[in-house]
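The structure appears right after this line, and notes come after that.
The values are calculated or read from the model by the stated rules, or taken from the named source; none is laboratory data. Everything numeric in this text was worked out from a predicted model, so none of it was measured. So basically every Cβ, Gly included, is an ideal-geometry build from the backbone, and we count neighbours across all protein chains shown. Side chains included, ligands, DNA and RNA excluded: accessible areas come from the protein's heavy atoms. Shrake-Rupley method; radii C 1.70, N 1.55, O 1.52, S 1.80 Å.
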Amino acid sequence: MSFSELGLADEIVRAVSEQGYTSPTPIQTQAIPAVLKGGDLLAGAQTGTGKTAGFTLPILQRLTSKPAPAKRSKTVRALILTPTRELAAQVEESVRVYGKYLRLNSAVIFGGVGINPQIALLAKGLDILVATPGRLLDHMQQGTVDLSQVEILVLDEADRMLDMGFIRDIKRVLAALPPKRQNLLFSATFSDDIKALADSLLNAPAMIEVARRNSTVEVIAQKIHPVDRNRKHPLLSHLIKSSNWTQVLVFTRTKHGANKLVEQLGKDGISAMAIHGNKSQSARTKALSEFKDGKLQVLVATDIAARGIDIDQLPHVVNYDLPNVPEDYVHRIGRTGRAGASGEAVSLVCVDEHDMLKGIEKLIKRSLPREVVPGFEPDPNARPQPIQLRSGEAHGRGRASQGQRAGNASQGQRGGNAPQGQQARSPSGGNKPAGPRPAPHRSGGRGR
Ligand code: AMP
């Protein structure tokens, strides 16, 4: 199967070939014809499956093959909503790359940066707008965007948008759209909330689901290095140096942990930067671009900040701390071994994290090989301690199960690690029982 056989215009096929894609991925093979038909779509696919091109390519095709209505100020033809700024920026970059030979215009808007340049972009009228929900609402309230002409709506990573408490924002956006439109919903998981959203949004959708990453993780070599809690940092430095790793994405559970690790690695002569919600957008962009260019050896990230990061053929992912939520393990290791490339994911696991490890192994339905690194043998008599999320703040471990994920436990705190400078808006999680979620809390400091 080739891209041209899927019914895409030569200009699109050319742009895709220039990216080095020779054949469509499974999600693309299924999603592209479904979207081209014009109906609604419910797709189960995670980052790394090629889902972005799966919706972007047919949207470009549809927009370019229809005679464009005379462009009216502030209007938008296709609206793509994403949970995070990083993902929004990447999706719009994909739109530009795949649409480079077409005469369609696009823009991305998200919070944390000035609103005035965005107002100017919207004023022209756009074929494709990629946005995070909070900032889009700001524009709607200010009357700087007109959604009455939207022909296609995409909710990308819908599960994560709900986890982050965006449901009310999404509903307000939906209310501003014309009733007749094409809706595409992409989600990695299908909780009851997602099913309810899909039921209310989609009209007789085509349904596709590509093998979930937690059943396709075979391309990723995974192993566990058991280690004492206070020897994780020397072990990481040892692994990086002895194996000559040049591009490593490291996950920590907390922002504080990320900062501390960056400092410690620096002392060992390893260049590292952190990305998390307390960093300014410019610092995050700088860290990411240096990492992608190979100038920065180690990028340390928390789960939400790393969500949607797209780095081709990232060879190494390290779980410095195991995630609170088993599913995040799958998202994390999905940063490597993308689109068929092989990768390696190692987890440094101390005695405190054994329950979390059990939860992960249950989710991925396999046990992960343990490999003790000589010189870093864990103390067999060590006793588990409660995981500390912040100094003085004890927290339970890995209790939020699949379907109960309500934001990231470590990030549902005041000033948490939510994108757009806002709080993660589902403050439940961690070891709190999953119950009705509190109303999304909006603080003044959303940094929109
Ligand atoms: P996504 O799941 O959209 O985040 O895409 C994951 C990665 O796969 C991105 O780096 C894309 O550039 C890459 N990719 C998407 N489609 C293809 C394809 N057909 N062949 C090879 N790589 C692809």
Residue pairs meeting the criteria (Cβ under 9 Å; at least 6 apart or on separate chains; first farther than 15 Å from SER289 by Cα, in the stretch 81-92; second hydroxyl-bearing (Ser, Thr, Tyr) and open to solvent by 10 Å² or more (accessible area, probe 1.4 Å)): VAL91/THR52; GLU92/SER106
Single residue of VAL95, VAL91 found to be at pLDDT 95 or above, within 16 Å of the ligand (Cβ to nearest atom) and closer than 19 Å to ARG160 by Cα: VAL91
Some residue of the stretch 252-266 being within 21 Å of the chain's Cα centre (by Cα), in contact (Cβ under 8 Å) with a residue 24 or more places away in the chain and loosely packed, with under 15 Cβ neighbours inside 10 Å: no
Residue in the stretch 211-219 that is acidic (Asp, Glu) and touching a Lys or Arg at 6+ places or on another chain (Cβ under 9 Å) present: no
Residue check, LYS51 open to solvent by less than 40 Å² (accessible area, probe 1.4 Å), outside the structural domain of ALA306 (by TED's automatic domain parsing) and either near the ligand (Cβ under 10 Å from one of its atoms) or basic (Lys, Arg) (or both): yes
Number of positions in the stretch 20-38 that are farther than 9 Å from ALA206 by Cβ, more than 10 Å from the ligand (Cβ to nearest atom) and touching a Lys or Arg at 6+ places or on another chain (Cβ under 9 Å): 2
Count of the stretch 358-369 residues which are loosely packed, with under 13 Cβ neighbours inside 10 Å and out of contact with any Lys or Arg (no Cβ under 7 Å at 6 or more places or on another chain): 2
Any chance ILE119 is in a helix (DSSP H, G or I), under 16 Å from SER73 (Cα atoms) and in contact with a Ser or Thr (Cβ under 9 Å, 6 or more places away or on another chain): yes
Residue in the stretch 4-19 that is more than 12 Å from the ligand (Cβ to nearest atom) and in contact with an Asp or Glu (Cβ under 9 Å, 6 or more places away or on another chain) present: yes
Conditions (1) within 16 Å of the ligand (Cβ to nearest atom); (2) closer than 19 Å to GLY54 by Cα: number failed by ARG85: (2)
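When the stretch 11-37 is examined, which residues are found to be polar (S, T, N, Q) and either open to solvent by less than 50 Å² (accessible area, probe 1.4 Å) or under 24 Å from LEU155 (Cα atoms) (or both)?
Residues satisfying the conditions are THR25, GLN28, THR29, GLN30.
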Selection from the stretch 215-265 of residues that are out of contact with any strand residue (DSSP E or B) (no Cβ under 9 Å at 6 or more places or on another chain), within 14 Å of LEU348 (Cα to Cα) and assigned to a loop (DSSP other than H, G, I, E, B): ASP228
Where LEU41 falls short, out of the listed (1) more than 11 Å from the ligand (Cβ to nearest atom); (2) more than 14 Å from TYR98 (Cβ to Cβ); (3) open to solvent by 10 Å² or more (accessible area, probe 1.4 Å): (3)
Residue within the stretch 66-77 that is within 12 Å of the ligand (Cβ to nearest atom) and either modelled with pLDDT under 90 or open to solvent by less than 30 Å² (accessible area, probe 1.4 Å) (or both) present: no
Residue under evaluation LYS100, criteria (1) within 14 Å of the ligand (Cβ to nearest atom); (2) open to solvent by 20 Å² or more (accessible area, probe 1.4 Å); (3) in contact with a helix residue (DSSP H, G or I) (Cβ under 7 Å, 6 or more places away or on another chain), criterion not met: (1)
Condition check for LEU121: open to solvent by 50 Å² or more (accessible area, probe 1.4 Å) and either among the hydroxyl-bearing types (Ser, Thr, Tyr) or closer than 23 Å to PHE55 by Cβ (or both): yes
Filtered residues of the stretch 103-114 (kept if within 16 Å of PHE55 (Cα to Cα) and touching a residue at least 40 places away in the same chain (Cβ under 8 Å)): LEU104
Residue list for the stretch 267-278, filter: open to solvent by less than 20 Å² (accessible area, probe 1.4 Å), free of Cβ contacts under 8 Å to residues at least 40 places away in the same chain and farther than 8 Å from VAL300 by Cβ: ILE270
Test for LEU249: is it surrounded by fewer than 21 Cβ atoms within 10 Å (Cβ to Cβ) and modelled with pLDDT of 90 or more: no
